[in-house]
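Asker: So that we are looking at the same thing, I have put the structure below in structure tokens.
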């Protein structure tokens, strides 16, 4: 069982994440935490100086964070994007597809089960934030 | 019909293994029921009153005989020998064991079928016109677009945990046979003045607790922007749809609360961004899919003459056969509403027979309708009499399409854990009471739901019935004036409810008043709209 | 009286707590008094039952009869398919449910 998962080669970011309000209030922080009801687009002017954005998943059924993840990646954010909270094995794949590359689940995950889930689908139908080629792209080159 | 390639097959096969793994983890206690429930629902597996229920997807209602035979096989091997066709053009089985679910999915995958996203807070099976590809009044076959949408929405990573379920319907004619404007998104394929293909986009319709007819959000969406625009519609909903109250979580509430204009503004703004992401497949992909829906090779020189000397056959032709676009062909509807029967149920033997008839007489194609019937879309008129005889021998030739006994009914409290009252016994009593006069009553769409969730579309019935729980006993409210067609409207509750026999009597008083006040050629709905609610209320309550 | 009911995890069958285990037959249900919640928590954790809950029932000479029609239908089967009743030969099933 593991408490956190990270799919990045750079060193883990040590600075604690501040709230969105604190960050927008002229903070020099390089790590910010976005609650599920907060607008990811408020961070877009500052992406180049952020090293970590943590997106809260208060309940696994709350899917707003998936949109937040994609919006940040679509805007060119390359730092760590961490899903934190009620993150379960069966949510890791869609989260990876939406650009999340780090996970801080409330309850430890079985890494073998996560690997199985991530490797299960050799094809996908949509272009998303993970760079995988959708089936239509493979069909037509 | 669409055929899987290795990409499609690999995704469905992977899903079988994923779900097997999820079931195994549930059985082993690694997943709690709270954690497992959304996972099983996203694969159409419910826990109902008597057992698990599995809903199998029939994408846009189209299937071939091999797939239909598989549905019969599953009914026999894993269920109790029958299935129930639903208003979402799917089929559901009532007596499934959790431990068999993986094997059932594996069997389905051998014929390019699955149960993906037939429930859960995700994008559901897209529905369409049951006459698609055969109707004379369509601008083009809407199903290639539905297939494109099926692929885009399947395991869409951003839209797997939406605030609530999400249903899309696509039609391609002005006559709406799919209740398009009562969907979260309704699309009508159309052409602009320049002859370009596109869509009218309606967003925010639905039934349930707060029924709404969807407003028009985009008058003309060019086909090239199809998926980008839908992605923008869904993203605005995923971000801003209400999550504080399950009864206010559908997109209709968002559109209603912020207004259609503001919703449109937000979608257009998001669309400008999404359009830059390159998520729309190239035109070649549409052409690839479209080729699967090429018209069958119609026989040329067929006669349109029909020998109608057998009066029972003539009755069936007059009621259940619809005009086809190719000379010498017809669209035949197989009614799953025998008088006094259970609406939408079919036995494994009947399912097999319908598969065989489709193979022999309808270019191997069948459709499931949102009215819970089956359509053979391409029948030579010369074969209609033989077809009818074979259907009649199997109890499948009831000549009641669009008549009062061709009603929609949800499974109700006989099967469903959400229901407050039984629907089927009421349906059976109405069917028996009015069978003798239904031809005279003409087109009359009666729809019954056993609870406020409105799976039986009671808001959209010319006559609707809503079952409620009144202090532990079943009670039925009567609604009048709804329509799910191109003249979409919502029914109005007449007044205090009735018991099971009382609701049938109240409908009889309603229909007696209709017969007494109708003008020549008027349907019940026309008379209702002309003379008004009060006239009927007075007839019902005195 | 209070009785406990749920579904078998693997098969989905409707089951009733009979004092020692889970029975398919409501006639065998026993009064769980105030211990229903604890019983269900224990049995659910052991995966011997799924989605269980406690209901009111009336004690009759033939055994417990659930107070609500929903649980009476669960006990017998769909009222519209007598052939699928848990005891298909039971001609009194209809009046027992309604």
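Asker: Among the residues that make up segment C:41-52, is at least one of them within 9 Å of another protein chain (Cβ to nearest Cβ) and touching a residue at least 40 places away in the same chain (Cβ under 8 Å)?
Answerer: Taking every residue of segment C:41-52 in turn, at least one turns out to be within 9 Å of another protein chain (Cβ to nearest Cβ) and touching a residue at least 40 places away in the same chain (Cβ under 8 Å).
Asker: Let me ask something additional. Which of the residues belonging to segment B:300-322 are surrounded by fewer than 17 Cβ atoms within 10 Å (Cβ to Cβ) and in contact with a strand residue (DSSP E or B) (Cβ under 7 Å, 6 or more places away or on another chain)?
Answerer: The one that is surrounded by fewer than 17 Cβ atoms within 10 Å (Cβ to Cβ) and in contact with a strand residue (DSSP E or B) (Cβ under 7 Å, 6 or more places away or on another chain): B:302.
Asker: Residues to consider are C:32, C:15; find the one that is modelled with pLDDT of 95 or more and within 18 Å of residue B:47 (Cβ to Cβ).
Answerer: C:15
Asker: Is it true that residue C:70 is within 21 Å of residue B:417 (Cα to Cα), under 14 Å from the mean Cα position of the chain (by Cα), at pLDDT 95 or above and within 11 Å of another protein chain (Cβ to nearest Cβ)?
Answerer: Considered against the rule, which asks whether it is within 21 Å of residue B:417 (Cα to Cα), under 14 Å from the mean Cα position of the chain (by Cα), at pLDDT 95 or above and within 11 Å of another protein chain (Cβ to nearest Cβ), residue C:70 comes out as yes.
Asker: Can you find a residue in segment B:45-54 that is at pLDDT 95 or above and under 24 Å from residue A:122 (Cα atoms)?
Answerer: no
Asker: Next up: For segment A:99-119, indicate whether the set of residues that are surrounded by 17 or more Cβ atoms within 10 Å (Cβ to Cβ), more than 11 Å from chain B (Cβ to nearest Cβ) and closer than 19 Å to residue B:19 by Cβ is non-empty.
Answerer: Yes - at least one qualifying residue is present in segment A:99-119.
Asker: I would also like to ask the following. So is residue B:430 farther than 18 Å from residue B:535 by Cα, assigned to a loop (DSSP other than H, G, I, E, B) and not assigned by TED's automatic domain parsing to the domain that holds residue B:339 or not?
Answerer: No.
Asker: If we scan segment B:184-194, do we find a residue that is within 21 Å of residue B:260 (Cα to Cα), within 18 Å of the chain's Cα centre (by Cα) and free of Cβ contacts under 8 Å to residues at least 40 places away in the same chain?
Answerer: Looking for residues that are within 21 Å of residue B:260 (Cα to Cα), within 18 Å of the chain's Cα centre (by Cα) and free of Cβ contacts under 8 Å to residues at least 40 places away in the same chain, one finds at least one in segment B:184-194, hence yes.
Asker: Just the residues that are surrounded by fewer than 24 Cβ atoms within 10 Å (Cβ to Cβ) and not in a loop (DSSP other than H, G, I, E, B), please, taken from segment B:392-413.
Answerer: B:392, B:393 - these are the residues of segment B:392-413 that are surrounded by fewer than 24 Cβ atoms within 10 Å (Cβ to Cβ) and not in a loop (DSSP other than H, G, I, E, B).
Asker: Filter segment B:2-46 for residues that are surrounded by fewer than 17 Cβ atoms within 10 Å (Cβ to Cβ), more than 10 Å from chain A (Cβ to nearest Cβ) and not in a helix (DSSP H, G or I) and give the result.
Answerer: B:3, B:4, B:28, B:29, B:32
Asker: While we're on this one: Residues of segment B:401-444 being within 14 Å of chain C (Cβ to nearest Cβ), under 19 Å from residue B:84 (Cβ atoms) and out of contact with any strand residue (DSSP E or B) (no Cβ under 8 Å at 6 or more places or on another chain), which ones?
Answerer: The answer is B:414, B:416, B:418, B:425, B:428, B:431.
Asker: Inspect all residues belonging to segment B:260-274 and state whether any of them is part of a loop (DSSP other than H, G, I, E, B), at pLDDT 95 or above and either under 28 Å from residue B:140 (Cβ atoms) or over 27 Å from the mean Cα position of the chain (by Cα) (or both).
Answerer: no
Asker: Name every residue in segment B:323-378 that is farther than 30 Å from residue C:84 by Cα and part of a strand (DSSP E or B), in order of residue number.
Answerer: B:323, B:324, B:329, B:330, B:331, B:332, B:365, B:376, B:377, B:378 - these are the residues of segment B:323-378 that are farther than 30 Å from residue C:84 by Cα and part of a strand (DSSP E or B).
Asker: Kindly evaluate residue B:55 against the criterion of being within 13 Å of residue B:108 (Cα to Cα), in contact with a strand residue (DSSP E or B) (Cβ under 7 Å, 6 or more places away or on another chain) and either more than 14 Å from chain C (Cβ to nearest Cβ) or not in a helix (DSSP H, G or I) (or both).
Answerer: On the way: within 13 Å of residue B:108 (Cα to Cα): yes; in contact with a strand residue (DSSP E or B) (Cβ under 7 Å, 6 or more places away or on another chain): yes; either more than 14 Å from chain C (Cβ to nearest Cβ) or not in a helix (DSSP H, G or I) (or both): yes.
Against the criterion (within 13 Å of residue B:108 (Cα to Cα), in contact with a strand residue (DSSP E or B) (Cβ under 7 Å, 6 or more places away or on another chain) and either more than 14 Å from chain C (Cβ to nearest Cβ) or not in a helix (DSSP H, G or I) (or both)), residue B:55 qualifies.
Asker: Evaluate the following for residue C:6: is it in contact (Cβ under 8 Å) with a residue 40 or more places away in the chain and either within 11 Å of chain B (Cβ to nearest Cβ) or closer than 20 Å to residue B:425 by Cβ (or both)? Break it down into steps so the answer makes sense when it comes.
Answerer: Numbers: in contact (Cβ under 8 Å) with a residue 40 or more places away in the chain: yes; either within 11 Å of chain B (Cβ to nearest Cβ) or closer than 20 Å to residue B:425 by Cβ (or both): yes.
So residue C:6 fits the description; yes.
Asker: Being buried (at least 21 other Cβ atoms within 10 Å of the Cβ) and more than 7 Å from chain B (Cβ to nearest Cβ) is the filter here, so list the residues in segment A:125-141 that pass it.
Answerer: A:129
Asker: Which members of segment A:45-74 meet the condition of being surrounded by fewer than 24 Cβ atoms within 10 Å (Cβ to Cβ) and more than 17 Å from residue B:163 (Cβ to Cβ)? Break it down stepwise before answering.
Answerer: Within segment A:45-74, the subset surrounded by fewer than 24 Cβ atoms within 10 Å (Cβ to Cβ) is A:45-52, A:54, A:56, A:58-62, A:67, A:71, A:73-74.
Hits for segment A:45-74 are A:45, A:46, A:47, A:48, A:49, A:50, A:51, A:52, A:54, A:71, A:73, A:74.
Asker: Test of understanding: among B:448, B:465, which residue is within 14 Å of chain C (Cβ to nearest Cβ), assigned to a strand (DSSP E or B) and under 18 Å from residue B:404 (Cβ atoms)?
Answerer: Being within 14 Å of chain C (Cβ to nearest Cβ), assigned to a strand (DSSP E or B) and under 18 Å from residue B:404 (Cβ atoms) holds for just one of B:448, B:465, which is B:448.
Asker: For residue C:93, which of the numbered conditions (1) touching a helix residue (DSSP H, G or I) at 6+ places or on another chain (Cβ under 7 Å); (2) at the interface with another protein chain (Cβ under 10 Å from one of its Cβ atoms); (3) within 20 Å of residue B:500 (Cβ to Cβ); (4) in contact (Cβ under 8 Å) with a residue 12 or more places away in the chain fails to hold?
Answerer: All conditions are met except number (2).
Asker: Right, here's the next one. Might you check whether a residue that is within 14 Å of chain C (Cβ to nearest Cβ), out of contact with any helix residue (DSSP H, G or I) (no Cβ under 9 Å at 6 or more places or on another chain) and buried (at least 21 other Cβ atoms within 10 Å of the Cβ) occurs anywhere in segment B:76-85? Full working, then the answer.
Answerer: First, the residues of segment B:76-85 that are within 14 Å of chain C (Cβ to nearest Cβ): B:78-84.
From what is left, the residues that are out of contact with any helix residue (DSSP H, G or I) (no Cβ under 9 Å at 6 or more places or on another chain) are B:84.
Checking the rest, the ones that are also buried (at least 21 other Cβ atoms within 10 Å of the Cβ) come to B:84.
Yes: segment B:76-85 contains one or more residues that are within 14 Å of chain C (Cβ to nearest Cβ), out of contact with any helix residue (DSSP H, G or I) (no Cβ under 9 Å at 6 or more places or on another chain) and buried (at least 21 other Cβ atoms within 10 Å of the Cβ).
Asker: Still on this model: Quick check on my filter: what residues within segment B:120-137 are under 19 Å from residue B:179 (Cα atoms), modelled with pLDDT of 95 or more and part of a loop (DSSP other than H, G, I, E, B)?
Answerer: Residues satisfying the conditions are B:124, B:126, B:129, B:130, B:131, B:132, B:133, B:134.
Asker: Kindly check whether there is at least one residue in segment B:473-486 that is within 12 Å of chain C (Cβ to nearest Cβ), free of Cβ contacts under 8 Å to residues at least 40 places away in the same chain and either in a strand (DSSP E or B) or under 18 Å from the mean Cα position of the chain (by Cα) (or both).
Answerer: yes
Asker: What's the number of the condition residue B:64 fails, among (1) over 18 Å from residue B:123 (Cα atoms); (2) within 14 Å of chain C (Cβ to nearest Cβ); (3) at pLDDT 95 or above?
Answerer: Among (1) over 18 Å from residue B:123 (Cα atoms); (2) within 14 Å of chain C (Cβ to nearest Cβ); (3) at pLDDT 95 or above, the lone unmet condition for residue B:64 is (2).
Asker: Quick check on segment A:58-98: of everything there that is touching a residue at least 60 places away in the same chain (Cβ under 8 Å) and facing chain B (nearest Cβ under 9 Å), which residue is nearest to residue A:131 (Cα to Cα)?
Answerer: Going through the qualifying residues, I end up with A:96.
The values are calculated or read from the model by the stated rules, or taken from the named source; none is laboratory data. All figures in this text were calculated on a predicted structure; none of them were measured in a lab. Cβ: placed from backbone, ideal geometry, glycine included. Neighbour counts: every protein chain shown.
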